[in-house]
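See structure below.
What follows draws every value from the coordinates through simple rules; no lab data is involved. Because the structure is a prediction, the values reported are computed rather than measured. Here the Cβ positions follow ideal geometry from the backbone for every residue, glycine too, while neighbour counts run over all protein chains shown.
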Amino acid sequence: MISSHIRLGLCCIFKKQKIKFRFLTAKFILSLTPNKRLKKISEICTHNCISLLNAVQYCNSSGIKAFRILSPLLPRYTHPVVGHYLEKLPDFEYIMKTLSSVKEFSKKNDIRLSFHPDPFVVINSPNEFTQKKSIEELEYQGLLAELVGADVINIHAGGHYGNKKESLERFVRATELLSEKVRNRLTIENDDINYTVKDLLPVFKETHIPLVYDVHHHRCNPDGLSIQEATQSCISTWKRIRKEPYFHISSPKNGWNNGNPKPHDDYINFSDFPQEWLILKSFTLDIEAKAKELAVQKLKSDIDNYFGTD
C-alpha cells in the first residue's frame, strides 16, 4: 500500500470508470418553459449527486483519499434568471439526502473533499460586477461545501492588473466580504502566470488564509524559493488551523524542454515528484493529469515502489 503520509486526490471526473457528471447550458434551460426548467434541472442535479456519491465510494475502494468536486455539480446555480433553485426542485429532498450521504460516507472513511472554482472567479478584479459575480460563485460553492463536508475552497489570487501590490490589497479586502462558511474554507494557490508563493506569503500573514502549493506552477513561474523552501512555507500556513497541508502536482505534456511546459500531461512523471515530499509527515496531493484516476493509480504505484511496498 502507499506510504501512509501521502493522501492522493482525484480531480473532478473519470477517464475509465463509468461515473459521469452531466451539464446544462443556460441557453438550453432558457429555451424551456419554467415548469420544464425545474424538472430538467432537478433531473440533472439528482444524477450528479448520485454520481458524486459513487465517486467518493470508488475513491475509498481504490485507496484515493481526496476528491475535488466539480464546480457545476448544480448546473447554472448562480445564473441571474435560472439560478438559486435548490429548494424549488421536485427532487429537493432526495438531492439533500444524497448530499448528506456523501458527507457521512466521506467523514466515516476519511475522504477529504474540496472545490476549485473556475478561472472566472477573480475576487480581486477592479471591475465591481466581476468581483460581485465571483463572490456569488464562492458563496454557492460554500453552500455545497457545507452540505457535503468539504473543508477546502481553493482559488487563485487573480490578475495583477498592472499593479501586483494594489491587486493583492484588493484581494484581501474582498475576502472580508465572504461569508464565514466560505472564509473558513478558503485557500490560495500560487499560479503559473501572476502570483508565486513568495507573493502570497504576505497575504497569508494578513488574512491567515492557508496556501495550496502547486509545484508545477512554481516550476513554470519561479520566485527564487527552492521547492523545499516553498513547501515548508506553505506547510507553515496550515499549522494555525491544524489542518493537513494541500499540494498539487502535474507534469508538462511536452516535457520541460519542448515549448510551453504549462499544459498538463496524461500522467505524472515520477521524476517530477519532489524528493522533498517523500519525507513529509502528512499532506494531501491533488493529481492534475488528463488520465484522471488512471494517473492517480500510476503515481500511487510509483510511490509504493519507491518505498518498497506492494
- Note on the structure: Straight-line reach check, Lys262, cutoff 18 Å on alpha carbons, 8 or more apart in-chain or any other chain, hits among lysines -> Lys253, Lys290, Lys292
- Query: GNM, the chain, Cα, under 10 Å: largest mean-square fluctuation among Ile193, Ile69, Ile111?
  - Reply: Ile193
- Note the direction-averaged projected area, equal to a quarter of the hull surface, for the Cα convex hull of the range 132-171, in nm². 3.2 nm²
- When the Cα centres of the range 243-271 and the range 162-186 are compared, how far apart do they sit, in Å? 28 Å
- Note on the structure: In whole angstrom, the spacing between the Cα centers of the range 78-122 and the range 1-40 equals 11 Å
- In straight Cα distance, which aspartates and glutamates are under 17 Å from Lys40, not counting same-chain residues fewer than 8 positions off? Glu87, Asp91, Glu93
- Length-normalised contact order of the chain in % [C-alpha pairs under 8 Å, at least 6 apart]: 20 percent
- Message: So if I place +1 on the C-beta of Lys and Arg and -1 on the C-beta of Asp and Glu, and nothing else carries charge, what would the dipole magnitude of the chain be about its Cα centre? I want it in debye, nearest 20.
- Response: 880 debye
- Over the range 143-272, how many percent of alpha carbon pairs lie in each 5 Å bin up to the one with the longest distance? 2, 10, 19, 21, 20, 15, 9, 4, 1
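Would you kindly calculate the mean projected area, averaged across all directions, of the convex hull enclosing the Cα atoms of the chain, in square nanometres?
If I average the Cα hull's projected area over directions, I get 16.4 nm².
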- Could you rank the peptides 128-134, 34-40, 256-262 by their average count of other C-beta atoms within 10 Å per residue, with the highest value first? 128-134, 34-40, 256-262
- Task: For n ≥ 4 DSSP H runs only, could you compute -39500 (n - 2.57) per run for the chain, divide by its residues and tell me the 222 nm figure to the nearest 500?
- Result: -13500 deg cm²/dmol
- Mean-square fluctuation maximum in Gaussian network of the chain, Cα pairs under 10 Å, restricted to Ala230, Ala26, Ala145, hits Ala26
- For the pair Asp266 and Val172, what calculated FRET efficiency results from E = 1/(1 + (r/R0)^6), where r is the Cβ-Cβ distance and R0 = 51 Å, to the nearest 0.05? 0.85
